[in-house]
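Once you've had a glance at the structure underneath, I'll fire off some questions.
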Amino acid sequence: MRRCTMVAVFFWVILLNAKLPGAEDATKSPLVLRLPEMEQVQVRKDLIFKEAGGEKLGMDIYYPPALEPGEQLPAVVFILGFPNSVQFGKLKEWRIYTDWARLAAASGFAGVLYETTSPEADIGDLLDHLRRNAAALRIDENRFALWSCSGNVLTALTVLMGERQAFIKCAAFYYGLMLAPDQKFLDSLIDLNKQVKFSMAGLDKIKNWHRDLPLFIARAGKDTEVVNQGLDHFAASCLANNVPLTLVNYAEGRHGFDMVDDTDQSREIIRNTIEFFRFHLRFFNGQNTRRGA
């Protein structure tokens with residue numbers, strides 16, 4: 001229990017109070033990789049994707065600086081497992097997330113951020129909305145990638161490890177809280193959740209390995225034991241089940257390295273993630289319509 005308490009403190013420091021170079025707090029901390037094209041992308045903000053019980057949830061879609069007539073873009077959806085709250089605000093407004101969405105758009109994709117009050121239910125509704133309205137939103141309904149990090153990853157796994165959804169071509173996870181189908185280390189996650197309050201809804205959906213779903217996992221070597229024990233077990237289980245896996249271990253990396261470790265290695269991992277998306281979203285049918293940065 002003491003280990004989970006220490007991890008909870010660590011999470012809150014990173015998520016809420018981190019004093020980072022060039023930023024007042026974590027909500028304003030930028031991605032450590034910058035491209036000039038990131039400032040030129042087009043953004044459609046606060047598009048409503050869900051209405052229920054008088055509540056409206058919005059999404060923001062980031063597009064490349066120039067779209068060709070009739071072009072439908074593969075989408076990179078940034079999965080959120082923390083609901084809107086007084087403590088967090090809306091994660092879609094955090095600088096690290098808007099920078100990631102801008103990077104996706106600058107690289108030729110549509111980057112999607114969204115609001116959530118019920119993470120496990122809302123991501124399903126978001127994906128349904130994006131696909132139903134793909135033509136109007138300039139998105140290719142059959143080419144999606146997912147990106148998630150930290151405590152958000154459990155919500156992403158509920159999407160990926162239930163019934164196979166063929167439109168999802170790949171997924172990337174950074175320093176994630178992860179749970180394999182055998183549910184090992186679930187008790188540690190339950191203890192941590194009492195203090196950090198990430199979504200644990202739908203964990204019973206984490207039950208199927210898909211050998212046609214490529215995964216990219218970035219591990220922070222200096223992360224906490226509670227985080228890395230679950231990540232390591234998940235990665236080992238991927239290999240035992242012959243799941244296509246790209247595993248990067250940043251030995252000196254900390255939790256949140258893409259915003260707290262301003263190093264060449266952090267930037268290289270981010271670039272490799274974009275190339276991973278490019279390969280699985282652009283080349284799987286021999287397509288190479290936009291190279292990006």
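Looking at Met200, Met178, which is the one that is closer than 17 Å to Ala121 by Cβ and within 17 Å of the chain's Cα centre (by Cα)?
Met200
Considering region 64-73 alone, what residues qualify as being in contact (Cβ under 8 Å) with a residue 40 or more places away in the chain and either under 18 Å from Asp140 (Cβ atoms) or crowded, with 19+ Cβ neighbours inside 10 Å (or both)?
Pro64, Leu67, Glu71, Gln72, Leu73
Next question. Being touching a Leu at 6+ places or on another chain (Cβ under 6 Å) and within 16 Å of Asn152 (Cα to Cα) is the requirement here; does Ala171 meet it?
Yes: the conditions hold for Ala171.
Among the residues of region 207-219, is there at least one that is under 23 Å from Glu268 (Cα atoms), of a type in the set (Lys, Arg) and touching a strand residue (DSSP E or B) at 6+ places or on another chain (Cβ under 6 Å)?
yes
Could you run through region 179-207 and say how many residues are β-branched (Val, Ile, Thr) and under 21 Å from Ala235 (Cβ atoms)?
1
Which of the helices (runs of 4 or more DSSP H) contained wholly in region 74-193 include at least 2 residues that are at pLDDT 95 or above, buried (at least 17 other Cβ atoms within 10 Å of the Cβ) and in contact with a helix residue (DSSP H, G or I) (Cβ under 8 Å, 6 or more places away or on another chain)?
95-106, 119-132, 153-160
Within region 56-73, is there a residue that is of a type in the set (Phe, Trp, Tyr), over 17 Å from the mean Cα position of the chain (by Cα) and outside any loop (DSSP other than H, G, I, E, B)?
Among the residues of region 56-73, at least one is of a type in the set (Phe, Trp, Tyr), over 17 Å from the mean Cα position of the chain (by Cα) and outside any loop (DSSP other than H, G, I, E, B), which makes the answer yes.
Next up: Do we have any residue at all in region 32-48 that's touching a Ser or Thr at 6+ places or on another chain (Cβ under 9 Å), within 23 Å of Gly176 (Cβ to Cβ) and either touching a residue at least 60 places away in the same chain (Cβ under 8 Å) or β-branched (Val, Ile, Thr) (or both)?
Yes, because at least one residue in region 32-48 is touching a Ser or Thr at 6+ places or on another chain (Cβ under 9 Å), within 23 Å of Gly176 (Cβ to Cβ) and either touching a residue at least 60 places away in the same chain (Cβ under 8 Å) or β-branched (Val, Ile, Thr) (or both).
Only residues that are surrounded by fewer than 17 Cβ atoms within 10 Å (Cβ to Cβ) and under 18 Å from Ala171 (Cβ atoms): list them for region 211-231, please.
Arg211, Asp212 - these are the residues of region 211-231 that are surrounded by fewer than 17 Cβ atoms within 10 Å (Cβ to Cβ) and under 18 Å from Ala171 (Cβ atoms).
Exactly one condition in (1) within 15 Å of Leu137 (Cα to Cα); (2) in contact with a Phe, Trp or Tyr (Cβ under 8 Å, 6 or more places away or on another chain); (3) among the charged types (D, E, K, R) is false for Lys45; which is it?
Of (1) within 15 Å of Leu137 (Cα to Cα); (2) in contact with a Phe, Trp or Tyr (Cβ under 8 Å, 6 or more places away or on another chain); (3) among the charged types (D, E, K, R), only one is false for Lys45: (2).
Going by the conditions given, is Lys222 free of Cβ contacts under 8 Å to residues at least 60 places away in the same chain and either part of a loop (DSSP other than H, G, I, E, B) or not aliphatic (A, V, I, L, M) (or both)?
Judged against the criteria, Lys222 is a match.
The values are calculated or read from the model by the stated rules, or taken from the named source; none is laboratory data. Because the structure is predicted, anything quoted here is derived from the model rather than measured. Quick reminder, even Gly has a Cβ in these numbers, built from the backbone with ideal geometry, and neighbours come from all protein chains shown.
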